[in-house]
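Below: one structure, written as C-alpha cells.
The values are calculated or read from the model by the stated rules, or taken from the named source; none is laboratory data. Every value quoted in this text rests on a predicted model; they were computed, and no experiment measured them. We place every Cβ from the backbone using ideal geometry, glycine too, and count neighbours over all the protein chains shown. Please note that ligands, DNA and RNA were not included when accessible areas were found on the heavy atoms of the full protein model with its side chains. Shrake-Rupley method; radii C 1.70, N 1.55, O 1.52, S 1.80 Å.
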Amino acid sequence: MKKIDETSGLSRRSLLKTAGAAAGALAGAGTITGFPAVHSQENKTLRYLGTAVNQSADIAKKVKEDTGITIEYVAVTTDDVTKRVITQPNSYDLVDTEYFSLKKLVPSGNLLAMDAKKIKLFDQITPIFTKGELPNGKKIGDQGTAPKKVMFLEGQHSTKFSKTPTEWATLIPTVYNADTLGIRPDLIKRPITSWAELLNPEFKGKAALLNIPSIGIMDCAMVVEATGKHKYADKGNMTKAEIDLTMKVMTEAKQAGQFRAFWKDFNESVNLMSSGETVIQSMWSPAVTAVRSKGIACTFQPLKEGYRSWASGFAVSKGVSGPKQELAYEFVNWFLSGWAGAYLNRQGYYSAVLSTAKANMEPYEWAYWMEGKPAEKDIKAPDGTLLEKAGASRDGGSYEDRMGGVACWNSIMDENDYMVRKWNEFIAA
Amino acid sequence: MTTTDSIPTPRNPAAAAIASDPTLSREDASPLGRVLPGWVQAMPFGLVFLAFFVVPLILVVVVSFFDYNDYETIPSFTTRSYVENFEGCVSQLPDVCTILKTYGSTLKFCFLVWALTLVIGFTIAYFLAFHVRSVTVQMTLALVCTIPFWTSNVIRMISWIPLLGRNGLINQMLVGGHVVSQPVEWLLYSQFSVVLAFVHLFTFFMVIPIFNSMARIDKRLIEAAYDAGANGWQTLWNVIIPLAKPGIVIGSIFVVTIVMGDFITVGVMGGEQVASAGKVIETRLNALQFPPAAANAVLLLVVTLGIITLLTRVVDIRKEL
C-alpha cells in the first residue's frame, strides 16, 4: 500500500511539472472528474518521454478508451530525450527514443531490457528490426546504427548488444522511416536524382542542411559519396580521416556560399522551403507534408544512392517495477495492436507490425501509403486535412521500394566526440 | 514622478551597517554588535546568491576539469576539455583555430551591437531627457519604448524573416521598384540580419539607464554651459556625456553580456551558419559532453568578465551613482 501511495504522490507531482504538456492529453482523455475517480486512475498513469513528433493527443485519447491507461506526455527534443534518460531516469516511466541513441543509453544502465515474451506480437515485428531485411527477405543497407545491431541484449541485465536475437530487446519499435532530400520541383524545374545535387553550384545560396551533428553528418556522407570524392567503409562509423575529409568538402561548399541556412527545428525546415529561401535541403517526411498542405509543391525526392533511415522504439526506465511495469507492457502491446500503427502510417511513417496496421486502414489508404499505388480517393491526414487529391502517388513509391532503398542509418560513431568538435568547426567556418 | 527617484543612492542596508555609522554605534558599542545587524539584513539575499550563483559556478568550474565518454561524466581530473578546445591554435598557424574564430565572431558582433545600440540609445535618451519638456510625455514615450517587450524575444526575431527574406517585403519592394533585378540575399541569414536583430532587441537596454542618468543632470549646469558660451556640441561633449557615463556603462554591460552569451538570435537570424560562443556550449550540451560545455562556459565567463572589468575601469559606477 505504501508503495502505491508513493507512486501516486510522485505522479501527482510530475503532473504539476508537466502540466503544460499533459494538459491537452488529459483534457482529451477526460480525467478531470471527481476526486474518488482520480485516485484509482492515477495508478493507471504512464509518463511517456519522447519528442513531440510521436506524441499525439489522438493516440493518448484512444489508449485511454481502450485500456484505461492515462498517458502523460513529456515532450522534449531528440537530444534532450537522451539527456533525460541518462541524467534523470526517475522523471519518466516509458521512453520513446531513437535506435542510434542506444549506444549512449544502454551502457548507462538506465533502461530495463524489454522481455520479448511479454510482447504478444513480437514475432510479427517487421524483420527490418530483427534481421535487417524486408518482409520479402531482401537485405537492406546496414551502415550506421542499423536497428538489428542494437536490437537485442545478451541478457536481462547485460549492457552488451547481442549479434543474434535473444529474449531481451533494447527497444520495442514504434515508428521508422526513410529520409532523403526535400526539393521544390516548381523552382528547380528538372529531375533531381542524386544526393550530390545538394552541393551543385546551380543551387548556390538555396540549399540547407540539418544542424543536428549526428544526423547532419550522415546527410553529408551521402553527399560526399555521391560526388565520388570518397567511398566510406561505413558512413555511420567514420574514421577521423574520413570525418576530416567530409567536413572539408562541406566547409568548402559553405564558404562558397552554397547554404542559405542550417536548420535544427522541424518548423524551420518548413519555413525555409515554403518561403522559397531554399529549393533543396535535408528534410523529414512530415515537414514535406506540412509544406504541401500549404499548397506549395514539395517533393521528398527519392535518390539513386538511397535513403538515410531512422527508427525509434519504446523502453522502460530502470526505476519502474511491479504493476507499473505491467502497465508499460500493456501499453506497448496496445501500441502494436493496430490502431496506433494505422495512425502513424497515415502520417507517412511506418509502423512496426504491418499486419495489424493494415487491418485498421482502408484498403485505398493502404494502397496509397504502403503499396505506392495512385490514390483511389482523396488522402487525408489523421486530423482530416487533405494531403493528396485522388490520383496522386507517394514520393518514392511502396514500402519495399522506400525501405528497400535504405543506404544507411542515423548513428553515433565511435569517433562521436571528434565529430562534434569538427562539426562546431564547420559551423564556425 | 520620474525614474530618477527609483535609483537607489548608497542607502542599502549592508553598506550602511558596515560603514561605521555613528548612529548605530551609539546603541551598541561592541564591534560585533555594530556589524551583525547588517550581515543579518544582507543574509537572505546573500544565501540566494550563494545557492543559485556561487555554488553552481563552482560546480561548472569543477565539471570542466572532469573527463567524459559517450554516456557519462567521469570525475577524474583532466585538462582534456580545455586542451581540445584550443585544438589547432598553435599547429594550424597562420590559420586561425575554431575557438578563436568563434570568439572573434562573437566579439565582432558584440562591438558592432554595442556601438550601434549606444548611438541609437543615447540619441533616444537625449531626446527624451532634453527635448521632451513634460514629465508625462517623457514617461509615456519611455513606456512606448517597452512595447516590443510585450511579445517574446523569439517572436520579435522571427517577425524579421518575412520582411527580409528572398521573397520578403523589402525584396519585393526593391525588385518591384526596379531598384535591383535580383532579390538581395544578404538581408537575411547573414551577419547583417544578426546585428539588425540584436540592435532591435537590445537598444532599449541602453535607452533606460542612459535616460535615467540624463534625467538626473541638473538643468542649471546646461544653462551655465550655455551662459559660458559653449555651443551645443561642446555642452554635449563636456557636460552631458561625462554626467551620463554611469548610464552608458550600465547599458553597455547589459548589451555586452547578453550578446556574448546569446546563441538563439545568432542561430535564428544567422541561419545557424554563424558561430557564437553560446552555440558551441549548446552543441556540446546536446551531445551530452558536459565537461567541454562547462569548459566553454568558464571561458565565456572569463572573457565577459574581462570586458566588464575594462568597462568599469573607465567609470567607477559605485562612485558615480
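Worth a mention:
- Among the residues listed as B:Gly251, B:Gly267, the single one being crowded, with 24+ Cβ neighbours inside 10 Å, within 12 Å of chain A (Cβ to nearest Cβ) and farther than 12 Å from B:Val63 by Cβ: B:Gly267
- First in region B:271-297 and closer than 27 Å to A:Asn267 by Cβ and more than 10 Å from every other protein chain (Cβ to nearest Cβ), second anywhere and among the charged types (D, E, K, R) and in a helix (DSSP H, G or I), Cβ under 6 Å, 6 or more apart: B:Ala293/B:Arg284
Quick grid of which residues meet (1) outside the structural domain of B:Glu223 (by TED's automatic domain parsing); (2) closer than 28 Å to B:His200 by Cβ; (3) touching a residue at least 40 places away in the same chain (Cβ under 8 Å); (4) part of a helix (DSSP H, G or I):
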{"site": "B:Gly46", "(1), (2), (3), (4)": "yes, no, no, yes"}
{"site": "B:Phe49", "(1), (2), (3), (4)": "yes, no, no, yes"}
{"site": "B:Ile58", "(1), (2), (3), (4)": "yes, no, no, yes"}
{"site": "B:Val61", "(1), (2), (3), (4)": "yes, no, yes, yes"}
{"site": "B:Gly104", "(1), (2), (3), (4)": "no, yes, no, yes"}
{"site": "B:Phe109", "(1), (2), (3), (4)": "no, yes, yes, yes"}
{"site": "B:Val113", "(1), (2), (3), (4)": "no, yes, yes, yes"}
{"site": "B:Thr136", "(1), (2), (3), (4)": "no, yes, no, yes"}
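- Count of region A:72-119 residues which are surrounded by fewer than 19 Cβ atoms within 10 Å (Cβ to Cβ), in contact (Cβ under 8 Å) with a residue 60 or more places away in the chain, at the interface with chain B (Cβ under 10 Å from one of its Cβ atoms) and in a helix (DSSP H, G or I): 0
- Residues that are of a type in the set (S, T, N, Q) and surrounded by fewer than 20 Cβ atoms within 10 Å (Cβ to Cβ), drawn from region B:191-206: B:Gln191
- Filtered residue count, region A:265-298, keeping only those that are open to solvent by 50 Å² or more (accessible area, probe 1.4 Å), more than 11 Å from every other protein chain (Cβ to nearest Cβ) and part of a helix (DSSP H, G or I): 2
- Out of A:Ala357, A:Ala342, A:Ala390, one residue alone is closer than 29 Å to A:Ser282 by Cα and more than 23 Å from the chain's Cα centre (by Cα). It is A:Ala390.
- Considering region B:186-246, the qualifying helices (runs of 4 or more DSSP H), each wholly inside and each with 3 or more residues that are in contact (Cβ under 8 Å) with a residue 40 or more places away in the chain, run over B:191-215.
- Scanning region B:270-321 for residues that are of a type in the set (S, T, N, Q), open to solvent by 20 Å² or more (accessible area, probe 1.4 Å) and modelled with pLDDT under 90 yields B:Gln273, B:Asn286, B:Thr312.
- Residue match in region A:129-139 (condition: within 14 Å of chain B (Cβ to nearest Cβ) and more than 20 Å from A:Tyr343 (Cα to Cα)): no
- Whether a residue is away from chain B (no Cβ under 11 Å) and open to solvent by 60 Å² or more (accessible area, probe 1.4 Å) was assessed, and A:Gly182 does not pass this test.
- Breaking point among (1) within 22 Å of A:Val175 (Cα to Cα); (2) away from every other protein chain (no Cβ under 14 Å); (3) in a loop (DSSP other than H, G, I, E, B), for A:Leu387: (3)
- When region A:120-140 is filtered for residues that are among the small types (Gly, Ala, Ser) and open to solvent by less than 20 Å² (accessible area, probe 1.4 Å), only A:Gly132 remains.
- Selected residue [assigned by TED's automatic domain parsing to the domain that holds A:Val223, free of Cβ contacts under 8 Å to residues at least 40 places away in the same chain and closer than 30 Å to B:Lys279 by Cα] from A:Ser274, A:Ser282: A:Ser274
- Note on region A:390-429: among residues that are among the polar types (S, T, N, Q) and assigned to a loop (DSSP other than H, G, I, E, B), the one that is nearest to the other protein chains (Cβ to nearest Cβ) is A:Ser411.
- Residue within region B:39-56 that is within 14 Å of chain A (Cβ to nearest Cβ) and open to solvent by less than 50 Å² (accessible area, probe 1.4 Å) present: no
- Qualifying residue in region A:336-345 (condition: open to solvent by less than 50 Å² (accessible area, probe 1.4 Å) and more than 16 Å from A:Thr126 (Cβ to Cβ)): yes
- Answer residue from region A:254-264, given it is out of contact with any strand residue (DSSP E or B) (no Cβ under 7 Å at 6 or more places or on another chain) and at pLDDT 90 or above and is surrounded by the fewest Cβ atoms within 10 Å (Cβ to Cβ) among those: A:Gln255
- Pick from region A:353-397, criterion among the hydroxyl-bearing types (Ser, Thr, Tyr) and surrounded by 18 or more Cβ atoms within 10 Å (Cβ to Cβ), ranking: nearest to A:Leu134 (Cα to Cα): A:Thr356
- Residues of region A:235-264 satisfying the condition of being in contact (Cβ under 8 Å) with a residue 60 or more places away in the chain and in a helix (DSSP H, G or I): A:Lys240, A:Ile243, A:Asp244, A:Met247, A:Met250, A:Thr251, A:Lys254, A:Gln255
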